[in-house]
């Protein structure tokens, strides 16, 4: 008899679910049977993902969300509760931004937005989720950090610091939530070729637009950094989230699951 993850009858909320990794997470939860309510700044992206969710035979809906503004987070969760018939089972915070400029090249005030979204935005979402789940006395929360938030990488200093903060906030939230048996964990993605890595490749290749040069540079970097020798995919991360929100992980809380091919060993 095989083991399958079945989320039928559960309502999931994905903050930052309109594209890329958030989209993969939302669709993976939907494929497991969950109804999925997504938040995103861009309506067009959000509605497009909702169509994909509904095509899987479950409920989907979108509402505007700017995690850095607590008033929009509160309104988002108000709408999410209506969508979920007043019981939210799963909350995933994927909302975040990047900053590839080095610490010596950017003034603190310019970097403020990174902390505002990646740290305070996460806190806004987790706090709103906990307020509801404490009433329910159950629920699962997963935050998306980064391997840059568990291991100093000698670059992306402000981004890294904001992701360290995300890990600390997640662990402390887990302590607050434990007596209600609410699971709060983080996933730390490894290296995925996202917009952030395209910006890093700009620096590594002197902004070359030659596809072969950029691909070779990325592949060589992966071989140097990742013990498995391959980059991670958005689906790899979504699968880790699926595990953490499933009953298979019911006794796991306050942990950071690095999905990185051994990079942080």
Quiz item: In vacuo Debye scattering of region 84-149, one point per C-alpha: log10 I(q)/I(0) at q = 0.18 Å⁻¹?
Solution: -0.72
Quiz item: To one decimal place, what Kirkwood hydrodynamic radius in Å is obtained for region 64-215 from all pairs of distinct Cα atoms?
Solution: 16.7 Å
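For region 118-205, count all C-alpha to C-alpha pairs, find those more than 21 Å apart, and express that count as a whole percent of the total.
Values: 1424 of 3828 pairs.
Of all Cα-Cα distances in region 118-205, 37 percent exceed 21 Å.
Per residue, what volume in Å³ does the Cα convex hull of region 1-123 take up?
Working: hull volume 14.9 nm³, N = 123.
Measuring per residue, one finds 121 Å³ for the Cα hull of region 1-123.
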Quiz item: What fraction of the Cα pairs in region 1-56, stated in percent, has a spacing above 16 angstrom?
Solution: 35 percent
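Run the numbers on the chain and let me know its relative contact order in percent, using alpha-carbon pairs under 8 Å that are six or more apart.
Values: 517 pairs, mean separation 48.5, N = 265.
Over the chain, the number comes to 18 percent.
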Quiz item: Using a Gaussian network for the chain with springs between C-alpha atoms less than 10 Å apart, which of these wobbles most: 182, 252, 237?
Solution: 252
Exercise. Give the share of C-alpha pairs in each 10 angstrom bin for region 216-265, from 0 to the last occupied bin, in whole percents, shortest bins first.
Key: 24, 41, 26, 9, 0
Practice problem: In whole angstrom, note down how far apart the Cα centers of region 203-236 and region 13-39 are. | Solution: 27 Å
Quiz item: GNM on the chain, C-alpha springs below 10 Å: top fluctuator among 101, 127, 212?
Solution: 212
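Among 157, 110, 209, 75, what is the fewest-to-most ranking by other Cβ atoms within 10 Å? The partial results should precede the final answer.
Details: 157 19, 110 12, 209 8, 75 15.
So the residues, fewest neighbours to most, are 209, 110, 75, 157.
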Quiz prompt | Neighbour-count ranking [beta-carbon atoms within 10 angstrom, fewest first] of 104, 204 | solution = 104, 204
Quiz prompt | Listed residues 20, 190, 149, most fluctuating in the chain (Gaussian network, C-alpha, under 10 Å) | solution = 20
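So what's region 158-265 giving for Rg/Rh, alpha carbon basis, Kirkwood Rh from the mean inverse pair distance? Can you show the working numbers first?
Details: Rg = 16.9 Å, Rh = 15.7 Å.
Rounded to two decimals, Rg over Rh is 1.07.
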Self-check item: Size of the chain as Cα extents on the principal axes (Å, biggest first)
Solution: 52, 47, 37
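Read-outs throughout are calculated quantities, based only on the coordinates presented, and are distinct from any laboratory measurement. Nothing here was measured: the structure is a model prediction, and the numbers come from that model. Backbone-built Cβ (ideal geometry, glycine too); neighbour counts: all protein chains shown.
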